[in-house]
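Have a look at the structure below, then the notes.
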Amino acid sequence: MKHYIKHHEWQIIEEGFDPHLNRISESLFSLGNGRMGQRANFEEEYSGETHLGSYVAGVYYPDKTRVGWWKNGYPEYFAKVLNAPSWIGIHLKIGKTSLDLAHCKVQDFRRVLDMKQGTLHRSFTATLRDGKKVKIDATRFCSMADGEIGVIRYSVTPLNFSSSSTITLGIDANVVNKDSNYDEKFWDEVSKESKAGLALVSAQTKKTFFQVITGMTYALTSGGKKLKGIVRASKREKYADNVVQIKLKKGEELVIYKYGVVLSSENHPKAKMTQVARKKLKDILAKGFDKLFADHTDVWAHKWEECDITIDGDVAAQQGIRFNIFQLMQTYTGADERLNIGPKGFTGEKYGGSTYWDTEAYCLPFYLGTSDPKVARNLLVYRYKHLGKAIENGKKLGFKDGAAFYPFVTMNGEECHNEWEITFEEIHRTSAMAYAMRDYIEYTGDRDYLTGFGLEVLIGISRFWNQRVNWSEEKGKYVILGVTGPNEYENNVNNNWYTNYLGSWTLRFTMEAVDFVKKSNPKRYAAITAKINFQEKAEMDKWKHISENMYFPYDPKRNVILQQDGFLDKELIPVKNLKPEDRPLNQKWSWDRILRSCFIKQADVLQGIFLFEDDFDLETVRRNFDFYEPMTVHESSLSPCVHVILASKLGYKEQAYNFYLRTARLDLDDYNNDTEDGCHITSMAGTWMSLVKGFGGMRVKEGKLHFTPYIPDQWKSYSFRLEFRGRVVKVKVSKDKTDVVLESGQPMEVMVGGKVVGLG
Ligand code: BGC
């Protein structure tokens, strides 16, 4: 854990420059706007520890799979979000010396992520090797008002010298992915252009042929007056720039405004992109920094109005929740149904930037609660569009007749993860798509989603379960063999309870969906059955039999659900008996030792209980929580949030609060020692759930919002807002009361602590 981030309600603050923390800060201070984003890399040259990363949503590369021993069914590639051409470079050479923080004395270094405004600020004073002292103040944002624009205001003040200097404003497509399997560069140059006031590089990805044009223009001012300098436009392979020669005068501030555009062929016809980029650069230069900044901050102001959470009395917790919301909002805006939420968003390369079950299991509730229902719907439609590929994925593994096996990791619907235990065994993910539909329908009331899209997906998934189970003569039940549950610290186990439960529930849910669509829209139903050759009676009879006769491992002695058939054969030791030097297990222990141990990476049985809480009475929840949590190491960022919600339900307030801090400040305090790889974006949605569903006790039951709130002792009050069926509801919980207010929309009733409350 690290504690170098200063606590502040609206800002993430780093004071003092520690090069060893730089890669962590580059992740934490990342910026994005749903279309593009980048790590908080310096504008000037930096030869110290850094991980350069700029990303464009939806642009990926299928990096050929690299494994020791090929197994049939392995995906050919692992899709990677690409480190894209960079537009942020502002290299400064004062006299003959480049400004490079690795080679000068740095004082008063301050880096601030202003979450209210969506900006990154950095200021410092650098003393160069020749004694020249210069003050830098930089502000950068990726516009929320126009997802293709980024802007930098970079101010340079010479403190003890005057000197001729050069400023290089570049576009650089000579970028690499650190996680490249074969050290390949993934971009080919298409064209480049450089003339005074403009630099453009058009680059194309190998194999996938996405084209991205990255361009820049700029303005220089001093004392409010425009400056020109002597400009040399130059280019080399995959690179274009403008080099401006200018005299820096002691005590006079020079301000460089750099305007960047990033256009992707996903959104523009390739033939027109250069033209669009040039026009866009001209327009934004004319608009200028102040107007672009105002447009950008207006969008943020509106977003915060919709989704801010306040916590009074605990600045660390307040900063934590806002940081989580901020990162989620900059990662996915819901404007484009082709996009999804990578586990690292625009903050790093790890996990390939692709779509995981995280979206359905963790992120969907956040977007349901804070945004227009279209946003969550787009996430569902994304999977609908991948149905064909999910069926192909199934076929590759030997499934047939339209069985949909959704990938664990994907960019375009194809599975692209290639660790056998995850790719082949972590099959529970295919039902996350079904669960998300239930979540969406319960929250929005939009059951017609099933008619338009959902039913086809559900039938596909149910066909998968139908083929994946097998009848055990010995048990007289259906079993599911050779799986990995959400707890990835056990592989190839039989009858992972979570998997069996989800499989069986999905079959029931699909049968209900069939009935609904059949009754409500017989015409559409007939069209669907014809399209996918659905043999209603035969298929449903079998599903019914499976769901009624699924085997669920159970320990009658302890009265607990069993994570899997062999769980009790393990030596059951609590985590508190582990030595600190053993943690985290995934960095300290051999894989073999982890697999044989009882230690649980993330909620597994408890994940199932969390998803289907109405199926279990409180004592069952308690027994299972008390049995499993002590063996859980929470080494997945997705773990603590589920535990906050269950601990809250059980009245384990202190524990809930500690888990909450862990999820809310996971990256800010670098709990897992891996923030340098990027932030844990998908678990951030879990933080939101922890507060709203955990402390706020929010649930939707039969179309009604329910709250059973309580307040952690450490807080004075907290509040959150929910978008719910055309209304905005604000909930404020204080020590002695809960206020629920209808901020907009039609009157309605909600339940607070079991009592009906009329709103509006
Ligand atoms: C977790 C998975 C998750 C993935 C991406 C892993 O550590 O075990 O459940 O999907 O991270 O967030």
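Using a simple spin-label model with pseudo-atoms 7 Å out from Cα toward Cβ, residue 286 and residue 338 lie 2.9 nm apart. Between residue 18 and residue 474, residue separation times 0.36 nm minus the direct Cα-Cα distance comes to 157.9 nm.
Here's the picture: charge each Lys and Arg Cβ at +1 and each Asp and Glu Cβ at -1 in region 33-307, and of 60, 127, 160 the one pushed furthest to the positive end of that dipole is 160.
Only DSSP H runs of four or more residues enter the estimate; each adds -39500 (n - 2.57), and after division by the residues of the chain the mean residue ellipticity at 222 nm equals -9500 deg cm²/dmol. Each label was represented as a point 7 Å from its Cα along the Cα-to-Cβ direction; for residue 232 and residue 209 these points are 3.9 nm apart.
Between residue 717 and 312, the built amide H atoms are under 5 Å apart, and every one of these is 5 or more places off in sequence or on another chain. Here the contact order of the chain, divided by its residue count and restricted to Cα pairs under 8 Å and six or more residues apart, works out to 12 percent. Rounded to the nearest whole Hz, the Karplus-based 3J(HN,Hα) values (6.51 cos²θ - 1.76 cosθ + 1.60, θ = phi - 60°) of region 628-636 follow the sequence 8, 4, x, 9, 9, 8, 6, 8, 9, with x at glycine and proline. Each residue, residue 757 and residue 176, gets one label point 7 Å from its Cα in the Cβ direction; the gap between the two is 5.8 nm. Both numbers refer to the Cα atoms of the chain; Rg and Dmax are 27.1, 88 Å. Accessible surface computed residue by residue for region 507-580, with neighbouring protein chains in place and a 1.4 Å probe, gives 59 Å² per residue. Where both bridge residues fall in region 617-760, DSSP classifies roughly 90% of the beta bridges as antiparallel. With 10 Å bins beginning at zero, the pair-distance distribution over Cα atoms of region 1-93 amounts to 13, 33, 29, 18, 7, 0 %. Working note: Karplus 6.51/-1.76/1.60 with θ = phi - 60° gives region 33-45 the couplings 9, x, 9, 8, x, 7, 5, 7, 5, 6, 6, 7, 4 Hz, where Gly and Pro are set to x.
Computed from the C-beta positions of residue 734 and residue 704, the FRET efficiency with R₀ = 25 Å rounds to 0.60.
Going by alpha carbons, how many degrees (0 to 90, nearest 10) lie between the helix axis of 429-444 and the longest principal axis of the chain? The two axes meet at around 90 degrees. Within the straight-line cut-off of under 21 Å between alpha carbons, the lysines reachable from residue 704 are 374, 649, 693, 730, 732, 737, 755, sequence neighbours fewer than 8 places apart in one chain being disregarded.
Run the numbers for residue 107 and residue 247: contour at 0.36 nm per residue of separation, minus the present Cα-Cα distance, in nm. Before the final figure, lay out each step's value.
Working: separation 140, 0.36 × 140 = 50.40 nm, distance 2.37 nm.
Full-extension gain reported as 48.0 nm.
Based on the mean of other beta carbon atoms within 10 Å per residue, what is the order of 566-577, 255-266, 391-402, most packed first?
The peptides rank, most packed first, as 255-266, 391-402, 566-577.
Averaged over residues, the count of other Cβ atoms within 10 Å places the peptides 637-644, 610-617, 487-494 in the sequence 637-644, 487-494, 610-617, highest first.
3J(HN,Hα) along region 289-306: 4, 4, 5, 4, 5, 5, 4, 5, 6, 4, 5, 4, 4, 5, 4, 5, 4, 7 Hz, from the Karplus curve 6.51 cos²θ - 1.76 cosθ + 1.60 with θ = phi - 60°, whole Hz, x for Gly and Pro. When the alpha-carbon atoms of region 33-307 are used, the pair Rg, Dmax equals 19.5, 68 angstrom. Given all pairs of different Cα atoms, what value in angstroms does the Kirkwood hydrodynamic radius of region 132-179 take? That comes to 14.0 Å for region 132-179. Counted by Cβ distance under 13 Å from residue 481, the other residues give a net charge of 0, where Lys and Arg count +1 and Asp and Glu count -1.
On the accessible surface of region 33-307, probed at 1.4 Å, how many percent belong to carbon and sulfur atoms?
Result for region 33-307: 49 percent of the exposed heavy-atom area is carbon or sulfur.
The trypsin sites (Lys or Arg not before Pro) of region 474-532 that DSSP puts in a loop, and whose beta carbon has at most 14 other beta carbons within 10 Å, are 475. Counted residue by residue at 0.36 nm each, then reduced by the alpha carbon distance between them, the extension gain from residue 619 to residue 160 reaches 158.1 nm.
Qualifying chymotrypsin sites (Phe, Trp or Tyr not before Pro) in region 43-109, where qualification requires a DSSP coil assignment and no more than 10 other C-beta atoms within 10 Å, comprise 69, 70.
The values are calculated or read from the model by the stated rules, or taken from the named source; none is laboratory data. Please read all numbers here as calculations on a predicted model, not as lab measurements. Positions of Cβ are backbone-derived with ideal geometry, glycine not excepted, and every protein chain shown enters the neighbour counts. The accessibility values were calculated without ligands, DNA or RNA, using every heavy atom of the protein model including side chains. Shrake-Rupley method; radii C 1.70, N 1.55, O 1.52, S 1.80 Å.
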